[in-house]
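Read the figures in this text as sums done on the coordinates, not as results from a lab. Since this is a predicted model, take the numbers as computed values, not measurements. Ideal geometry is used to build each Cβ from the backbone, glycine not excepted, and the neighbour counts take in all protein chains shown.
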Amino acid sequence: MLSHIFRFSIKAVLSVALVAHGGISHAGRVALVIGNSTYASRPLDNPVNDARAVARKLEALGFRVVKRENLRIREIGATLRDFRSQIKAGDEVVFFYAGHGLQVNGANYLPAVDAEIQGEEDVPLNSLNLASVLSMLEESKAGVKLLFLDACRDNPYTRSFRSAAGSDLGKVGSAPGGTLIHYATRPGSVAADGKKGGNGLYTEHLLQWLSTPDIPIEAMHKKVAVGVEAASRGVQEPWSEGQLKGEFYFIKTTNPTLVAAPVANVPAGPTQVPSTEIVFWNSVKDSDSPEELQAYLAQYPNGTFAELARVRLAKLQPKQAAPVAMSVPATPAAAQSAAKGAPKSGQPDPGLVLFQNILNQVMKQANQ
């Protein structure tokens, strides 16, 4: 029993390490997350909070995250090099930015916090050019390229420009193939920064849906947009640009139909299956061992897959009938060995203790 539980514990932990939370593709996952708050002119309250929260969420979803807070001009080149060096062909890549954003002469720019912008000519030298990010991602041959831009917040530089350009981000127009860009609001609108100490309105709703299993990215965008528009009473309306070449899910379970439907009388919102539960279920669902299925039910007696576990357990148990025992005299050595392998009376099975400790660590990390 001890060795069986120990093997199962290692199996469950390896399931977490392999693809963070449930049957996602074998492609690598890389993200660049930037939050700019401390602008000299009109600082913002929450972009750094947004970046930290999104980075934690993406890490829990299996992404290697390059995170920058309050990016300065001299750090832009090194940041892009660091990000690019981690991307391999076919990878699933995310770029998230929260802070000020503006458009000049048809190009979108994300100003550094120490930007000194007196006119349109200063913008390219003081900002991260979104076109540079898109070009880098295309050259990397990443398989999936997702950009989330919570950047159309009230722009402090517009009044110094000669033209109407610069008030917010605009359409890229020709996003590279396999690229999907989600903007916090439409052109000409302002994205809410949110309450101080919290998250921007767009990021708040994005975080609610990122870890929802079995929802395609396009549908997730729509869910986020609906939530933001409702919360802002129509003032802020997120929008998308571009198209992926296939389907993408942040969490994909092996059988999407197994995800529970929303329960009646529960406030509307995303139905979220805990990531650790998905990993646990994927590690035991095909097992022929009743003990492994019972371990899942012990941890999640009312879990999303509990009824399926009970049905499978009922089918397995009749097969576990013990064979007809043959009377074989036990030797003194065999009896002594068996006694050493069994836990002492009144003490918990060491294998179960080990399994519980490992599982607790996995759940703690996933919930951070």
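Descriptive notes on the structure:
- In summary, the aspartates and glutamates within cross-link reach of LYS245, defined as a Cα separation below 15 angstrom excluding same-chain residues under 8 places away, comprise ASP91, GLU92, GLU138, GLU218.
- Formal net charge of residues neighbouring GLY143 (Cβ-Cβ distance under 11 Å; K, R +1; D, E -1): +3
- Distance from the C-alpha centroid of region 275-303 to that of region 31-60: 36 Å, rounded to the whole angstrom.
- Residue ranges 217-223, 309-315 sort as 217-223, 309-315 when ordered by packing (mean number of other C-beta atoms within 10 Å per residue, highest first).
- Pairs from the table (LYS67/LYS222; LYS57/LYS315; LYS141/LYS285; LYS57/LYS88; LYS222/LYS315) lying more than 30 angstrom apart at Cα are LYS57/LYS315; LYS141/LYS285; LYS222/LYS315.
- The length gained by stretching the chain between THR38 and TRP239 to full extension, at 0.36 nm per residue less their Cα-Cα distance, is 69.7 nm.
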